[in-house]
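First the structure, in the form of structure tokens, and then the observations on it.
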Amino acid sequence: MSLQTQYDPKNIFAKILSGAIPSARVYEDARILSFMDAFPQSKGHTLVIPKVQACNLFDIPADDLRNLIIRTQTIARAVRDALAPDGIRLMQFNGEPAGQTVFHIHFHIIPVWEGENERPHAAGKMADMNELKEIAAQIKAKL
Ligand code: AMP
């Protein structure tokens, strides 16, 4: 599962894209979907994924990658405007040894507040869906 480019159409983000499993959606258009991370490292931890089937940085077509990072900037601005963090970290992992746990390429937008410790990556208790939807609505309002 490291730097594989064999896309698994049953991965969890494919199921979120199809609506088979629920998500707290922030933004959707013909090419991307953005939703709240269900195991947030901080309040407002948001994910941005392309609709194209790509595992990681190495198999996403260049034009989809361009569009993905530009949309990520737009959504990060809305996260900044909605939640006023002290900083924002973008993360993107390629391969299991690098920390990737879902093999559909995505950017993480992680708000950072000075003096606050972030929770660990992809771990712990699943967040409450209603709370995630409230935060998603705050971000959406700034788009
Ligand atoms: P990565 O480890 O970079 O592949 O990131 C995958 C992210 O997906 C992690 O931050 C997980 O917390 C998050 N995640 C896993 N399952 C779900 C889910 N059902 N809904 C939203 N986010 C999820």
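Values quoted throughout were computed directly from the atomic coordinates according to the rules given, and no laboratory measurement underlies them. Keep in mind it's a predicted model, so treat the numbers as computed, not measured. Note that each Cβ is placed from the backbone with ideal geometry, even for glycine, and that neighbours are counted across all protein chains shown.
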- GNM result for the chain, Cα springs below 10 Å: residue of Lys43, Lys51, Lys15 fluctuating most strongly: Lys15
- Query: So which lysines can Lys10 reach, going by Cα to Cα under 18 Å and dropping same-chain residues fewer than 8 places off?
  - Reply: Lys51
- Using modelled amide H (1.01 Å from N, peptide plane; none on Pro or chain starts), what sits under 5 Å from the amide H of Gln100, excluding residues fewer than 5 places away? Asn94, Gly95
- Item | Expected 222 nm ellipticity per residue - DSSP helices of 4 or more, -39500 (n - 2.57), all of the chain, to 500 | -9000 deg cm²/dmol
- What is the helix-to-structure angle for 62-83, meaning the angle in degrees between its Cα long axis and the longest Cα principal axis of the chain, kept from 0 to 90 and rounded to the nearest 10? 10
- Item | Spin-label pair Leu3/Lys142, simplified geometry with 7 Å Cα→Cβ offset, distance in nm | 3.6
- Message: At 7 Å along Cα-to-Cβ for each site, give me the label-to-label distance between Trp113 and Leu90 in nm.
- Response: 2.5
- Item | Arg66-Ile12 pseudo-label distance in nm [points 7 Å out on the Cα-to-Cβ vector] | 3.2
- Item | Residue exposure sequence - Leu132, Leu83 - by fewest surrounding Cβ within 10 Å | Leu83, Leu132
- If one takes the longest principal axis of the Cα atoms in the chain, at what angle in degrees, from 0 to 90 and to the nearest 10, does the Cα axis of helix 129-140 lie? 80
- Semi-axes in Å, largest first, for the chain (Cα gyration tensor, √(5λ)) are 23, 17, 15
